[in-house]
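Everything on this sheet refers to the single structure shown next.
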Amino acid sequence: MGKSIAVTGLVLLAALSVLSGSDRQSRDFPASPSFIGWPYDTGGARARAIMALVKTGPASAIALARRSILSDPISAPAVSILGRSQLYAAQLPEAHKTFMVAGQLGWRDSMTQIYWLDQAIQAADYRVAAERLDALLRQFPNDENGSKLLALVSAAPEGRDALAARLKLKPAWAESYVTDVKNLPNDQLLQRVDVIRRSGPGNWACRQTSSFAQQLINSQNLDEAQQVWRMGCPSSTSEVYDGGFEQLDTTRPTTGFDWVLSNRGDAEISLVQDPFGHNVLAVEVSATIALPIVRQLVVLKPGSYRLTWRTPDTGATEAQALRVALSCGHDYADAVPGSAVPGRAPTFTHDFVVDGRCPARQLIFWLAPRGRVRLDDIALERI
């Protein structure tokens, strides 16, 4: 019983939010006239039942709730108010019977869904729990209590499986599930990572998962951030995301594992197209020092890696002005030149050994003073 009351109390405000206009008037202005007198008293009686439940306790609300049902016997909200009153009055068998009736009257009553969600969790029936929570969140996708209910269902692996199945249907709350994560504790962040993983690739847009990945990066869950990113942004088969700059959007803020371009005024960077319509990064540095023109955060296991890149429409001497670093910091001292790949001009390569000094590294391309290059087809593979 204690658990039922604790769970149902989470979304009491959400349940009240679906009241009709006359209910809100009677609740907010209890002295205002209302229709009391058969058969027009449904809204007024229901509002008075809620007022009694809040002000004087559940027992006094039961009679008014029954009166409301007499006016409108097929109203799920009216029936659920009676069930709620019985529940808080510790009349558990009666409340269960009442919510059985309310459950047959549709899926739109919040309190009914919360009750059966709680019953399903107690019975470890996570498929039903996920269905009830789905019904609730489809009506209130951004409800402040949604995260608490999602955490209850997600606490068990079976619950995460069931939520993944619901999210594959792309309900209205799917986007907030991966974007409204800023204030979640770490255990709930990791629950959502597992749900996304269980839902499989192809169910998420990159714009949805990128903000979630950034939150995971901020909380130092780097491996999980990379997993989430790749579920929604699978544009590369190498360890580098978007090595051909096809997904680069210079009009929006960068997040997660996007390429980050230099914002200095003495570095001119733009996207141009090759003869086949593919993007190429065109860079020119007017500074008197080498500049980090483009970088990307990469999460790598210790081992040896080979980086390759192309410099189309760039002279051999100009291409040598480009240096690259794969390090824990942003130090030009770590930058090294590439070696031309025989027979594959204008392709360059360099091999790196990655140790365990840092959980994530910065892949940074530096361009020498007054350098001018075009950069494309960046790939990083383990060897």
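Have a look at 374, 306, 323 and point out the one that is farther than 20 Å from residue 285 by Cα and either touching a helix residue (DSSP H, G or I) at 6+ places or on another chain (Cβ under 7 Å) or among the charged types (D, E, K, R) (or both).
After applying the criteria, what remains is 306.
From the list 142, 183, 203, which residue is part of a loop (DSSP other than H, G, I, E, B), polar (S, T, N, Q), surrounded by 17 or more Cβ atoms within 10 Å (Cβ to Cβ) and modelled with pLDDT under 95?
Working: 142 fails: surrounded by 17 or more Cβ atoms within 10 Å (Cβ to Cβ); 183 fails: surrounded by 17 or more Cβ atoms within 10 Å (Cβ to Cβ).
The conditions single out 203.
Which of the numbered conditions does residue 305 fail, given that it passes all the others? Conditions: (1) closer than 18 Å to residue 350 by Cβ; (2) modelled with pLDDT under 95.
(2)
Can we say residue 383 is loosely packed, with under 12 Cβ neighbours inside 10 Å, within 19 Å of residue 261 (Cα to Cα) and among the hydrophobic types (A, V, I, L, M, F, W, C)?
In short, no.
What number goes with the only condition from (1) over 16 Å from residue 141 (Cβ atoms); (2) over 11 Å from the mean Cα position of the chain (by Cα) that residue 171 does not pass?
It is condition (1) that residue 171 fails.
Take the conditions buried (at least 17 other Cβ atoms within 10 Å of the Cβ), in contact (Cβ under 8 Å) with a residue 24 or more places away in the chain and out of contact with any Gly (no Cβ under 9 Å at 6 or more places or on another chain) and apply them to residue 348. Does it pass?
no
Under 8 Å between Cβ atoms, at least 6 apart or on separate chains: pull out the pairs that start in segment 292-317 with a residue that is without any contact (Cβ under 8 Å) to a residue 40 or more places away in the chain and end on any residue that is surrounded by 14 or more Cβ atoms within 10 Å (Cβ to Cβ).
Listed by first residue and then by second, the contacts come to 316/340; 316/346.
From the list 293, 378, 269, pick out the single residue that is aliphatic (A, V, I, L, M), over 30 Å from residue 219 (Cα atoms), modelled with pLDDT of 95 or more and touching a Ser or Thr at 6+ places or on another chain (Cβ under 8 Å). Step through it out loud before you land on a result.
On the way: 293 fails: over 30 Å from residue 219 (Cα atoms); 378 fails: over 30 Å from residue 219 (Cα atoms).
Going through 293, 378, 269 in turn, the sole match is 269.
Can you work out which of the residues in segment 60-82 that are surrounded by fewer than 19 Cβ atoms within 10 Å (Cβ to Cβ) and touching a Leu at 6+ places or on another chain (Cβ under 9 Å) is farthest from residue 100 (Cα to Cα)?
Top of the filtered list is 60.
Step by step: first the residues of segment 145-157, then only those that are surrounded by fewer than 16 Cβ atoms within 10 Å (Cβ to Cβ) and not in a loop (DSSP other than H, G, I, E, B), then the one that is nearest to the chain's Cα centre (by Cα). Which residue is that?
148
What number goes with the only condition from (1) of a type outside the set (Asp, Glu); (2) at pLDDT below 90; (3) under 13 Å from the mean Cα position of the chain (by Cα); (4) under 25 Å from residue 108 (Cβ atoms) that residue 176 does not pass?
Evaluating residue 176 over (1) of a type outside the set (Asp, Glu); (2) at pLDDT below 90; (3) under 13 Å from the mean Cα position of the chain (by Cα); (4) under 25 Å from residue 108 (Cβ atoms) leaves (2) as the failure.
Hey, residue 11 hits all of (1) hydrophobic (A, V, I, L, M, F, W, C); (2) farther than 18 Å from residue 140 by Cβ; (3) crowded, with 23+ Cβ neighbours inside 10 Å; (4) modelled with pLDDT under 75 but one; which does it fall short on?
So the condition that residue 11 fails would be (2).
Can you say whether residue 85 is crowded, with 17+ Cβ neighbours inside 10 Å, modelled with pLDDT under 75, assigned to a helix (DSSP H, G or I) and not aliphatic (A, V, I, L, M), as far as the supplied structure shows?
No, not satisfied.
Pull up segment 206-238, narrow it to residues that are hydroxyl-bearing (Ser, Thr, Tyr) and surrounded by fewer than 21 Cβ atoms within 10 Å (Cβ to Cβ), then point me to the one that is nearest to residue 170 (Cα to Cα).
Ranking the qualifying residues of segment 206-238, first place goes to 211.
The values are calculated or read from the model by the stated rules, or taken from the named source; none is laboratory data. Everything quoted here is computed from the prediction, not taken from an experiment. Ideal geometry is used to build each Cβ from the backbone, glycine not excepted, and the neighbour counts take in all protein chains shown.
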